[in-house]
1. Between Asn69 and Asn33, 0.36 nm times their residue separation minus their Cα-Cα distance comes to what?
2. For helix 54-76, what angle does its Cα long axis make with the longest principal axis of the chain, in degrees from 0 to 90 and rounded to 10?
3. Return the FRET efficiency for the residue pair Ile62, Ala13: r is the Cβ-Cβ distance, R0 is 22 Å, and the value is rounded to the nearest 0.05.
4. For a quick protection proxy, order the peptides 1-12, 56-67 by their average other-Cβ count within 10 Å, most packed first.
5. Quick one: what do you get for the chain if you divide its Cα Rg by 2.2 N^0.38 Å?
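All of the numbers you see were taken from the coordinates with simple rules; none came from a lab. Only a predicted model underlies this, so the values are computations on that prediction, with no experimental measurement involved. Methodologically, a virtual Cβ is constructed for each residue, glycine included, from the backbone with ideal geometry; neighbour enumeration extends over all protein chains shown.
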Amino acid sequence: MSLEPVGRILMIAGISLFIVGGLIYIFPRLGINLFQLPGDIRLQSGTVTCLIPLVSSIILSIVLTLILNIILRVINK
């Protein structure tokens, strides 16, 4: 039983987390506030706040899909 596939999955997960963490770190410095984009729903009543990040979730999903596709194509070559 080879552990090579598990190692690849862990490497992909680690690289992906590193990239996402870097983007989350860089976005506020560029003036892009995630979870405060137009289209994100914020409901506030007294001391209770509910945030529904629709647009932020869509953008994050697209970015992660692109990154994972690029990584998988590089690994499979």
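1. 10.4 nm
2. 10
3. It comes to 0.70.
4. Peptide ranking by packing, descending: 56-67, 1-12.
5. Normalised by 2.2 N^0.38 Å, the Cα Rg of the chain equals 1.48.
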